[in-house]
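The values are calculated or read from the model by the stated rules, or taken from the named source; none is laboratory data. Source: prediction; values computed, not measured. Cβ: placed from backbone, ideal geometry, glycine included. Neighbour counts: every protein chain shown.
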Amino acid sequence: MRKIYLLYLLILASNFVYPQWSWQNPLPQGNALNKVFFVDSLNGWAVGDAGTIVETTDGGSNWSVQKSGTTLNFTGIFFLNKNLGWVVGPQGYNGSIIPSVVLQTKDRGNNWTEMNTGLDPNTVSFSSVYFSDSLTGYLVGSRNIFKTIDGGKSWKDKEDAGSYINLKSIYFSDQMNGWVVGSQGTILHTTDGGDSWNPQTSDTTAELNAVYFADSENGWISGYQGVILHTTNGGTTWNFQNSGGKYILSDVHFIDLNNGWIATNDNPANGMIVLHTTNGGTDWNQQTTETNENLNSLYFFDNKGWVVGDAGVIYKTTDGGNSWNTQTSGPNDDFLDVSFADDSLGIAVGPADYANLTEDSGNSWNKSLYNISLHKVMSNLTERQIVKAVSAAKLGLKKIHPFLSLSNGQQAGLYISISFISEFHKKLSTYSLDSLSWQQRNINTAQNLWALSVVDTSNIWVAGDSGVVLYSSDFGNSWDKQNSGVTSTLWDAYFTDSLNGWIVGYDGTIIHTTDGGQNSNTQQSGTQQKLWSVYFLDPLNGWVVGDGGTILHTTDGGNYWTPVPSNTYNNLRSIAFSDEMNGWIVGQGGIILNTTNGGQVWNQYPSITSNDLLAVDFVDNNNGCAVGTGGTIIHFSGNATGINNNPTNKIPFTFKLEQNYPNPFNPSTAIGYRLPLTVYVSLKVYDILGRLVATLVNKTQSAGSYKVRFNAGSLATGIYFYSLTAGSFHQTKKLILLK
């Protein structure tokens, strides 16, 4: 128990130790929101998966993320006023039990602290919370109801509903009268302020999700199988109301005896629906939102209301639900792959009709529709802006591979090709800045294609269903089928050069070639798990990841694959390295693994999402991106592994001298710069009088991104200048030493 609780404490502290992952899409965040609560028409909070708490002070026009300090999924929230509130989350599991948690805030959520309930968080699970005043409160657990009369310093067990009962929601109409609902049609009622609880008859075995009372007599319950229950006598009798379907009814809220709303998980053609009544539930009418995500909770003040759900969706109405307007930004479609050409320019693909592109490290992502006229878009664009129009396949973009090279060593001859394969149209699509032309090249196969590897401006491989492998030696103008020797689905490919490559797929499949695919052999993976991703640093050193927490490593080109402990059973979907020592793996449930010793040991890295992460890419140790379901795009910024003086394997588009960090500093700081081509580099530091105080770099360097450590321990406090000369490029920036 003690070891598990120690793990829990470390998880609680994780947000403050590792702040580098942040949301870029959707905004303000993309985790499922499970409960929403407002104290008035302006001030509200919503809680959800992966420790998510968001807050609004203007009625939902703007939402900000609050730090909870935990990665548990929250299911309950209650505020007495704008400052005093509580959040609860049930037990989680990630290789071991993550205990339940109760958090309290006294400053509207600027700071959340864990409450010491005196209950064993490894054996009880909290799903809902309610306080009738600052001292008297209730926790609903998996089977228990706990009460406090001292503001949460101590709790007493007031009810055990039984081993197979899961209690989910609690509501009090006044200090004395309260109800709790849960699985198997369970309804419990108290008339003495929660000191004793008595069952009420529901006449259903459906799971009941939420309960709400307009006064001590009139109440409603919503649940699975379209169940709506209504009472006019405090629950002595409960009667069914017609919801119009068998879908999941997740939450219920009334503003008076007549007007109420229910959030649903029902999705007709036009979007998820909210049920609305103006006559106490005698009739329930459908109101349509624009989202396809499950709606999990709602809250109303008069005709103003808010509904929240999966993928972080938040909708608001000001007319009683006749119209619902989104309060979040960014798409919620699944992104299947991501790639960055440098730390600024990236693209995420997956949806059927657009790609998401960024030119500013993901601070803003813009849709690029596939059905727009490329010629019109490109006619007045700069070279960098042209890349925003990479929108090739009409349907089903699955894999991307940015490739960059230089012609004649001149920046003006920069050649950029971003390649796609399309699942349905079987096309390879590229755009070249040399010819300012866009080409779609047909790939003659009836199979769905999933894997793409581009090593230069000639050699391309694609692979997919039924073991199909196709090769082009002329950048997609013509294709030859290669014999893979397998019939399983092939999901990912990685070629280190024009000869050496690996392709992985279902049933533990790994195939390898040393002659560009003319001949290939099956390598023994030692597993039957689906293998989703492969990455090689060179022709000898590589990794494969797959289902069930599978990580395989080879140091001899795959003659022998050795399993590496991942300490998780989550499916692992993608792997990438920023250099030979630092690597990242992402996968199911938002899991993120990190290595700093070349893949010998992989440690779980604190994640900010519980959405499945399907792809990851790092351009250097400080800049990475992961994408996944529900429109998830999260960005890594910061150096978790130390300074890297070596270039990355991604070539920047332009010269750039970065601002040192930290600044001011004492006694050392890091200076970064980018080189788009091989040049002689001089990086020097001068004092305010122009005197040279340090030479940090004075040699020829190849294209790449670099960081250099400057130690000023022997220098006096003051203003200094650092100057980069790289070929004809010259730039100077200021830095401040403050001792």
The lone condition Gln439 fails out of (1) in a strand (DSSP E or B); (2) modelled with pLDDT of 85 or more; (3) in contact with a Ser or Thr (Cβ under 6 Å, 6 or more places away or on another chain) is (2)
Counting only residues that are in contact with a strand residue (DSSP E or B) (Cβ under 8 Å, 6 or more places away or on another chain), in a loop (DSSP other than H, G, I, E, B) and not acidic (Asp, Glu), the stretch 279-303 contains a total of 8
Looking at the stretch 575-609, which of the residues that are buried (at least 22 other Cβ atoms within 10 Å of the Cβ) and touching a helix residue (DSSP H, G or I) at 6+ places or on another chain (Cβ under 7 Å) is farthest from Gly69 (Cα to Cα)? Gly590
Search result, residues across the stretch 304-326 that are under 13 Å from Ala32 (Cα atoms) and either touching a His at 6+ places or on another chain (Cβ under 6 Å) or part of a strand (DSSP E or B) (or both): Val307, Val308, Gly309, Ile314
Only one of Trp491, Trp543, Trp532 that is within 25 Å of the chain's Cα centre (by Cα), over 27 Å from Thr445 (Cα atoms) and part of a strand (DSSP E or B): Trp543
Of the residues that make up the stretch 203-215, is at least one on the phi > 0 side of the Ramachandran plot and either at pLDDT 95 or above or under 33 Å from the mean Cα position of the chain (by Cα) (or both)? yes
Select, from Asn111, Asn144, the only residue that is surrounded by 17 or more Cβ atoms within 10 Å (Cβ to Cβ) and modelled with pLDDT of 85 or more. Asn144
Please enumerate the residues belonging to the stretch 685-705 that are closer than 13 Å to Thr732 by Cβ, assigned to a loop (DSSP other than H, G, I, E, B) and not β-branched (Val, Ile, Thr). Gly690
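Residues checked against (1) within 27 Å of Leu33 (Cα to Cα); (2) touching a residue at least 60 places away in the same chain (Cβ under 8 Å):
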| residue | (1), (2) |
| --- | --- |
| Gly193 | no, yes |
| Trp197 | no, no |
| Thr236 | no, no |
| Ile273 | yes, no |
| Gly281 | yes, yes |
| Thr288 | yes, no |
Counting just the residues of the stretch 27-49 that are under 16 Å from Ile633 (Cα atoms) and of a type in the set (Gly, Ala, Ser), which one comes out farthest from the chain's Cα centre (by Cα)? Ala32
What do you reckon, is Ile165 farther than 23 Å from Asn218 by Cβ, in the same structural domain as Leu208 (by TED's automatic domain parsing) and of a type in the set (A, V, I, L, M)? yes
Being assigned to a loop (DSSP other than H, G, I, E, B) and touching a helix residue (DSSP H, G or I) at 6+ places or on another chain (Cβ under 8 Å): is that true of Asn31 here? yes
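Yes or no, residue by residue, for (1) closer than 30 Å to Tyr569 by Cα; (2) in a loop (DSSP other than H, G, I, E, B); (3) of a type in the set (A, V, I, L, M, F, W, C):
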| residue | (1), (2), (3) |
| --- | --- |
| Asn81 | no, yes, no |
| Leu103 | yes, no, yes |
| Asn110 | no, yes, no |
| Tyr130 | no, no, no |
| Asp133 | no, yes, no |
| Lys147 | no, no, no |
| Gly151 | no, yes, no |
| Glu159 | no, no, no |
Conditions (1) surrounded by fewer than 24 Cβ atoms within 10 Å (Cβ to Cβ); (2) hydrophobic (A, V, I, L, M, F, W, C); (3) more than 23 Å from Asn242 (Cα to Cα); number of the one not met by Phe335: (1)
Within the stretch 193-215, is there a residue that is buried (at least 22 other Cβ atoms within 10 Å of the Cβ), farther than 21 Å from Gly281 by Cβ and in the same structural domain as Asp283 (by TED's automatic domain parsing)? yes
Scan of the stretch 705-723 for residues that are without any contact (Cβ under 8 Å) to a residue 40 or more places away in the chain and of a type in the set (S, T, N, Q), ordered by number: Ser714, Thr717
Within the stretch 549-563, can you find the residues that are within 25 Å of the chain's Cα centre (by Cα) and either modelled with pLDDT under 95 or assigned by TED's automatic domain parsing to the domain that holds Ser339 (or both)? none
For Trp365, state whether it is modelled with pLDDT of 75 or more and under 16 Å from the mean Cα position of the chain (by Cα). yes
Any strands (runs of 3 or more DSSP E) falling wholly within the stretch 172-274 and containing at least 1 residues that are basic (Lys, Arg): none
Residue match in the stretch 470-487 (condition: out of contact with any Phe, Trp or Tyr (no Cβ under 9 Å at 6 or more places or on another chain), crowded, with 18+ Cβ neighbours inside 10 Å and among the polar types (S, T, N, Q)): yes
What residue, of Thr236, Thr232, is assigned by TED's automatic domain parsing to the domain that holds Gly321, among the hydroxyl-bearing types (Ser, Thr, Tyr) and within 14 Å of Leu188 (Cα to Cα)? Thr236
So which residues in the stretch 717-735 are assigned to a loop (DSSP other than H, G, I, E, B) and over 17 Å from Pro662 (Cα atoms), if there are any at all? Gly727, Ser728
When restricted to Ser41, Ser61, the only residue touching a Lys or Arg at 6+ places or on another chain (Cβ under 9 Å) and under 24 Å from Asn363 (Cα atoms) is Ser61
For the stretch 562-573, state whether one or more residues are of a type in the set (Val, Ile, Thr), buried (at least 24 other Cβ atoms within 10 Å of the Cβ) and either touching a strand residue (DSSP E or B) at 6+ places or on another chain (Cβ under 9 Å) or in a strand (DSSP E or B) (or both). no
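Table: residues versus (1) surrounded by fewer than 21 Cβ atoms within 10 Å (Cβ to Cβ); (2) closer than 13 Å to Ser533 by Cα; (3) of a type in the set (Phe, Trp, Tyr).
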site	(1), (2), (3)
Gly467	yes, no, no
Leu490	no, yes, no
Ser498	yes, no, no
Gly517	no, no, no
Consider Ser134 against the criteria (1) surrounded by 17 or more Cβ atoms within 10 Å (Cβ to Cβ); (2) more than 23 Å from Ile262 (Cα to Cα); (3) within 40 Å of the chain's Cα centre (by Cα); (4) among the polar types (S, T, N, Q): it satisfies all of them except one. Which criterion is unmet? (1)
Looking only at residues that are touching a residue at least 60 places away in the same chain (Cβ under 8 Å) and closer than 10 Å to Gln701 by Cα in the stretch 655-683, which one is surrounded by the fewest Cβ atoms within 10 Å (Cβ to Cβ)? Thr678
